[in-house]
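See structure below.
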Amino acid sequence: MARAAVRGRLSWALGDVVELIDETRRVRSIVLDVPDWPGHRAGQHVDVRLTAEDGYQAQRSYSIASAPDDARLAITVESLPDGEVSSYLVGELRVGDKLELRGPIGGYFVWDPDRTEPLFLVAGGSGVVPLMSMIRERHAIGATVPTKLLFSSRARDDVIYRDELEQLASAGDGFEVIHTLTRMQPDGWTGYARRVDTQMLSEVAWPASEMPASFVCGPTPFVEAVASALVSLGHPAPAIKTERFGPTGG
Amino acid sequence: MTGYVSRGFHGKREADRDNARVPPGQYLVEDFPVLSAGPTPHTPLDEWTFSIVGAGPEPITWTWEAFRALPSEDIRVDIHCVTKWTKLDTNWNGISIDTLLDGIEHHASHVLAFSDGDYTTNLPLEDVSDGKAWVAFDYDGEPLAPEHGGPARLLVPHLYFWKSAKWVRGLQLLDHDEAGFWESYGYHMYGDPWREQRYAGD
């Protein structure tokens, strides 16, 4: 079974916030030093817990954005309207603060760097976060498995990790990014400008005959549509791993 | 439950929140989030069956038609997902597991629920007995939507909702406990939300 499956109790750890990176207007990466962090696999998440002065607490789960080999742990958080925890993390948290978390959690939606099948990653908005951990790990360890990221964002300014993705894609090691901008496109845009659909997937995805491993993460309707379309294109269901977040969050 | 006080965090408290109904670490939602590990399966009803496996040499199997002819009941319960959301007063219609196991001789202590898409989850027999668990096929008066587990899902509301297996196709009777899908990936073997048993060791 999975390497990081069961480690005994996951206890709460206190991480130091050492860097904050504004990825877009509503999305921020939080880089943490976590003493005794047990390590993670690309695709896993952590639980974050906030405590108010009077003891009131709120918890949420966030995907890990950093690669397992990175010295520091990073999560990337989208501020949701009315989001109790996300608005604090994106709006209030500062470098020098501490953040309580426990993990890593989840052992199914993970990429095993020993696997050699082509990778097809499909992200809707902040669904790119766990996939970024995989992309960063792939690059960090010098893996060359052919990898495509199909990334759906509303507009160019909403593309999370835009510059880093561009750099990684220019490294010439078999990683390619295909963007679709669903709401607004810059002048001269020649890429996709609609929601991901079966036609787009048939043009972009590795053919089923190459037996790719697919990871799909985004809002529920996005994941439903992409996963169903991949099945209709002949990809076997067990080769398609999904992670969804609903309209509710926090 | 103590914790590190987060500078500047006040929280969005629901003034009318009924703490007797919201387990520790959970927050209330009005909508119905979806979580599953792979594509949504779509088994046609004329190919759908529900089976009790392990009571004898042959499984006991119902077709969809025979299954729906069993007596069902309305169920109004609160549900708690391990990803932290709680939804109050959800309305279902389904068949009690008591009805399905009625008259079946066995010596099981546990069950392993199995679903389309190779999903499984383990439960002590006593947690699916005496009116505590159902196979549900209606939600809010409508057939259960595929993304929420339709045509039929297990409903075990007193445990975290991953135990309420979507797309359920049967129960395997066991004389021991055996980890299901998420339980093999570090989630708790039992999953009591009131004791916050989210992960192994909690």
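The values are calculated or read from the model by the stated rules, or taken from the named source; none is laboratory data. Keep in mind the model is a prediction, meaning the values are calculated, not measured. Here Cβ is always computed from backbone atoms with ideal geometry, including for glycine, and neighbour counts include all displayed protein chains.
Pick from region B:160-182 the residues that are touching a Gly at 6+ places or on another chain (Cβ under 8 Å) and farther than 17 Å from residue B:150 by Cα: which of them is nearest to the other protein chains (Cβ to nearest Cβ)?
The extreme case among them is B:160.
List pairs: first in region B:3-14 and at the interface with chain A (Cβ under 7 Å from one of its Cβ atoms), second at pLDDT below 90 and loosely packed, with under 14 Cβ neighbours inside 10 Å, Cβ under 9 Å, 6+ apart or cross-chain?
Qualifying pairs under 9 Å: B:12/A:82.
Take region B:183-197 and flag every residue that is crowded, with 22+ Cβ neighbours inside 10 Å and at the interface with chain A (Cβ under 8 Å from one of its Cβ atoms).
Correct list: B:185, B:186.
Of the numbered conditions (1) touching a Phe, Trp or Tyr at 6+ places or on another chain (Cβ under 9 Å); (2) assigned to a loop (DSSP other than H, G, I, E, B); (3) surrounded by 14 or more Cβ atoms within 10 Å (Cβ to Cβ), residue B:86 fails exactly one; give the number of that condition.
So residue B:86 meets the others, but not (2).
Can you find a residue that is closer than 30 Å to residue A:221 by Cβ, charged (D, E, K, R), modelled with pLDDT of 95 or more and out of contact with any strand residue (DSSP E or B) (no Cβ under 6 Å at 6 or more places or on another chain) anywhere in region B:185-199?
Yes, because at least one residue in region B:185-199 is closer than 30 Å to residue A:221 by Cβ, charged (D, E, K, R), modelled with pLDDT of 95 or more and out of contact with any strand residue (DSSP E or B) (no Cβ under 6 Å at 6 or more places or on another chain).
For a quick check of your reading: which strands (runs of 3 or more DSSP E) sit entirely within region B:127-202 and have at least 1 residues that are among the hydroxyl-bearing types (Ser, Thr, Tyr)?
The strands (runs of 3 or more DSSP E) meeting that bar are B:134-139.
How many residues does region A:39-78 contain that are within 20 Å of the chain's Cα centre (by Cα), surrounded by fewer than 17 Cβ atoms within 10 Å (Cβ to Cβ) and of a type outside the set (Lys, Arg)?
4
Residue A:107 fails exactly one of the following numbered conditions: (1) within 15 Å of the chain's Cα centre (by Cα); (2) loosely packed, with under 15 Cβ neighbours inside 10 Å. What is the number of that condition?
(2)
For region A:49-76, enumerate the residues that are assigned to a loop (DSSP other than H, G, I, E, B) and either at pLDDT 95 or above or within 8 Å of another protein chain (Cβ to nearest Cβ) (or both).
Within region A:49-76, A:52, A:53, A:55, A:56, A:65, A:66, A:67, A:68, A:72 meet the criteria.
Determine which single condition residue A:81 fails, assuming it passes every other condition in (1) in a loop (DSSP other than H, G, I, E, B); (2) in contact (Cβ under 8 Å) with a residue 12 or more places away in the chain; (3) of a type outside the set (Gly, Ala, Ser).
(2) is the only condition that residue A:81 fails.
State yes or no: is residue B:116 within 14 Å of another protein chain (Cβ to nearest Cβ), within 20 Å of residue B:45 (Cβ to Cβ) and either aromatic (Phe, Trp, Tyr) or surrounded by fewer than 23 Cβ atoms within 10 Å (Cβ to Cβ) (or both)?
The answer is yes for residue B:116.
Residue check: is residue A:220 at the interface with chain B (Cβ under 8 Å from one of its Cβ atoms), under 25 Å from residue A:155 (Cβ atoms) and not aliphatic (A, V, I, L, M)? Break it down stepwise before answering.
On the way: at the interface with chain B (Cβ under 8 Å from one of its Cβ atoms): yes; under 25 Å from residue A:155 (Cβ atoms): yes; not aliphatic (A, V, I, L, M): yes.
The answer is yes for residue A:220.
Which is touching a Leu at 6+ places or on another chain (Cβ under 7 Å), closer than 25 Å to residue A:75 by Cβ and aliphatic (A, V, I, L, M), of A:171, A:155?
Only one candidate qualifies: A:155.
Residue B:75 - would you say it is in contact (Cβ under 8 Å) with a residue 12 or more places away in the chain, among the hydrophobic types (A, V, I, L, M, F, W, C) and under 23 Å from residue A:245 (Cβ atoms)? It would help to see each step written out before you state the result.
Values: in contact (Cβ under 8 Å) with a residue 12 or more places away in the chain: yes; among the hydrophobic types (A, V, I, L, M, F, W, C): yes; under 23 Å from residue A:245 (Cβ atoms): no.
It is false that residue B:75 is in contact (Cβ under 8 Å) with a residue 12 or more places away in the chain, among the hydrophobic types (A, V, I, L, M, F, W, C) and under 23 Å from residue A:245 (Cβ atoms).
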